[in-house]
Amino acid sequence: MRSMQVRFRTKLFITYLLLVSLPLFVLGYLSYRQYEKSIERNVGEYVPAILNQANANMDKYLSELVSIPDVVTRSGEIMAILRKKEQDKVSIKEQEAFTVQSYLANNIVNGGHQDVIAVFIQTKNRVFSSSRLNFQGNAFLQEKNPFQQEMDLQGKLLFVPPERLKLVFENNQPYISIYKQLYDADNMNPLCTVLLIVSLDEISKICNRIPIAKNGMVLLNNEVGQTVFNNHNEFIGQVGTPEITLAKGTSELKINRERMMVSADKSDYTNWTLATINPVKELTEETIGIRNFTIAIFSICLLVSALISIWLSQTVTRPLRSLQLLMRQVEKGNFQVSFPVHQTDEIGELGNSFNHMVERIQALVKRVYQEEIRQKEAELAALQSQINPHFLYNTLESIQMVVENDDGETASTMISALCHMLRFTARRGDVVNIGDEVKHITDYLYIQKMRYGKRCQYVIDIDPSIHLYFAPKFILQPLVENAIRHVVEKTNSPTQLMITVSKSAEGVQFIVQDNGPGIPGEILHKLQAKFEGEQLLDQEHGIGLLNVHSRIQLLYGTEYGVIVTSKKGEGTTITVRIPYMKVPPK
């Protein structure tokens, strides 16, 4: 399929348009992206500050809750009951339990903090409680025995996850639990452990005041990574949030292939982490207006640029169009044309060059014709060298003699070899696979061996990988014919021919060696002089080595061709070098 032809005026128009629109597009896009990143950066800076303030409010609220159990130490009667170590009568114990529970109900559960759900007090041998909601389960850590062993918090606060308490309130009320140890003011020894159960109402209010995107999320995780609060009521009670890693500051991650901005802040008081997770596309919604405005400006500029580009392209291409019409006249053989030069710019220089070119064309025509004649002569010589009539006559005569000797198998093989040669000769194209060329010369040598017998011995050595390459047709036959004509035919002693086809650094090389008497020095010198000269053909060698040499140089250049070396009494070596060619030229 031919590539689509695009007129120069169209190319020029597109070039002008791209030169204007591309920088405009890049500038608009980079500005938009910079503005978007600026918003993301600002959000990443102020959200942690908001989270820090929310954590401060939460710490203040929790510190107030932590001080609630201290009301127990203000009652001497309650402290006296808590100090008792020995068991009293059941009636006294029940009276003391009623007194403590009533005090807890009046001063803590129904006191100033409406978020308190229940309160439990554990001593070494007793547990007191007061709750506004019904509950089930154990009020203290499972690894502690609430009636036999006192918890030792060493003055520290303890925020315990609900599942460790196994304590479930009515309607599955969510809560947080705070452990605090009270000390006896008389001896500063641990007196009891207070467990305060608080609802999440106030914490929810603090978290819900944090600004987030429409589909954003607020998370509150305790020190073990368990989710205490989530505005979507997801993951509550779970340890770890899927696909989310909370680190102090702001980071970006992908959740379900959507970009999310995660901001987090950790409380030094509770070691809890407060975080927000917002879709980036919602945070940057206001950039859509900027994007649309940029697209509108870009479209207007693109329209203006298109109109200017059309005018400029026509201004430049009009004289080029005139020059194109003149060139078509030259193509038709009309050299009596001239381009009127009215400009001194590049187009004027192009017009002057055109005028000079027209003047020189006529001078070059004769030279071109001469080169074509020389090339045709070389091609004609190559055709003449394909099957020599004398060789054909001798071959048929040899076949007749074999038939008369009743050697039908040999006659059949010779006829088959001759058919292969004729078929190869009739094949169209000037370039063939090197393997086919070697097969042709093998058939030729077989026929010659049948004709001359022991006087013609040969060995063919070919690199197997050489079959991947191509070469000019009939490149080997003239070389072998030269050896047959000047060595085999002129001597009665056995002649050894060695044909080698191999690869070298410069390309493929064909070598034909014989063990004949060699070429006399004077004749060899004249032959080499003809290889280096400009004469392509002559009457004596027109269908031989000179023809091969000239064909190769016409196809590949003067660095390739035929090299003949010979020493008297040692034989002759003919080498042909051509470049590598894996695909035959069309």
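Counting other C-beta atoms within 10 Å, which of Asp184, Asp514 has the fewest, and how do the rest follow?
On the way: Asp184 14, Asp514 23.
So the ranking, lowest neighbour count to highest, is Asp184, Asp514.
Which FRET efficiency value, to the nearest 0.05, do you get for Phe531 and Ile361 by plugging their Cβ-Cβ distance into 1/(1 + (r/R0)^6) with R0 = 30 Å?
After rounding to 0.05, the efficiency reads 0.35.
Mind giving me the FRET efficiency for Gln457 and Glu397? R0 is 22 Å, r the Cβ-Cβ distance, nearest 0.05 is fine.
Computed FRET efficiency for Gln457 and Glu397 comes out at 0.50.
Summing Lys, Arg as +1 and Asp, Glu as -1, what charge do residues with Cβ under 15 Å from the Cβ of Val403 carry, Val403 excluded?
Neighbour charge sum, excluding Val403 itself: -4.
Given Cα pairs under 8 Å that are at least 6 residues apart, what percent is the relative contact order of the range 385-578?
This gives 18 percent for the range 385-578.
Pull out the extension gain between Arg83 and His113, defined as 0.36 nm times the separation in residues minus the alpha carbon to alpha carbon distance; nm, one decimal.
Length gained between Arg83 and His113: 8.1 nm.
Considering only C-alpha atoms, what is the centroid distance from the range 310-343 to the range 565-586, in Å?
If we compute the Cα centre of each part, the gap is 50 Å.
Going down the list Lys60/Lys248; Lys449/Lys582; Lys454/Lys568; Lys60/Lys93; Lys490/Lys526; Lys166/Lys248, which pairs span over 28 Å between their C-alpha atoms?
As for pairs spanning more than 28 Å Cα to Cα, those are Lys449/Lys582; Lys60/Lys93; Lys166/Lys248.
With a bin width of 10 angstrom, please list the P(r) values of the range 77-118 as percents of all Cα-Cα pairs, from the 0 bin to the one holding the largest distance.
Spelled out bin by bin, the range 77-118 gives 28, 44, 24, 5 percent.
Rank these for me by crowding, His467, His420, His232, going from fewest to most other beta carbons within 10 Å. Please list the in-between numbers first.
Details: His467 14, His420 17, His232 11.
By the 10 Å Cβ count, ascending: His232, His467, His420.
Charges only on Cβ, +1 for Lys and Arg, -1 for Asp and Glu: so what's the dipole of the range 385-578 about the Cα centre, in debye to the nearest 20? Working shown, then result.
On the way: 18 positive and 22 negative charges, 25 e Å.
Result for the range 385-578 is approximately 120 debye, rounded to the nearest 20.
In the neighborhood of Asp463, defined by Cβ-to-Cβ distances under 14 Å, what is the net charge if each Lys or Arg adds +1 and each Asp or Glu adds -1?
Here the count lands on -1.
For the range 385-578, what size does the Cα cloud have along each of its three principal axes, sorted from largest down, in whole Å?
51, 37, 32
For Tyr458, which sequence-distant residues (separation of 5 or more, or a different chain) have an amide H within less than 5 Å of its own amide H, given hydrogens modelled in the peptide plane?
Distant-sequence amide H within range of Tyr458: Leu497.
With the crude spin-label approximation of a point 7 Å out along Cα→Cβ, what separation in nm comes out for Gln136 versus Lys254?
For Gln136 paired with Lys254, the spin-label model returns 4.6 nm.
Bear in mind these aren't lab numbers, they're just calculated from the coordinates by the rules spelled out. This structure is a prediction, so every number in the text was calculated from the model and none was measured. Here Cβ is always computed from backbone atoms with ideal geometry, including for glycine, and neighbour counts include all displayed protein chains.
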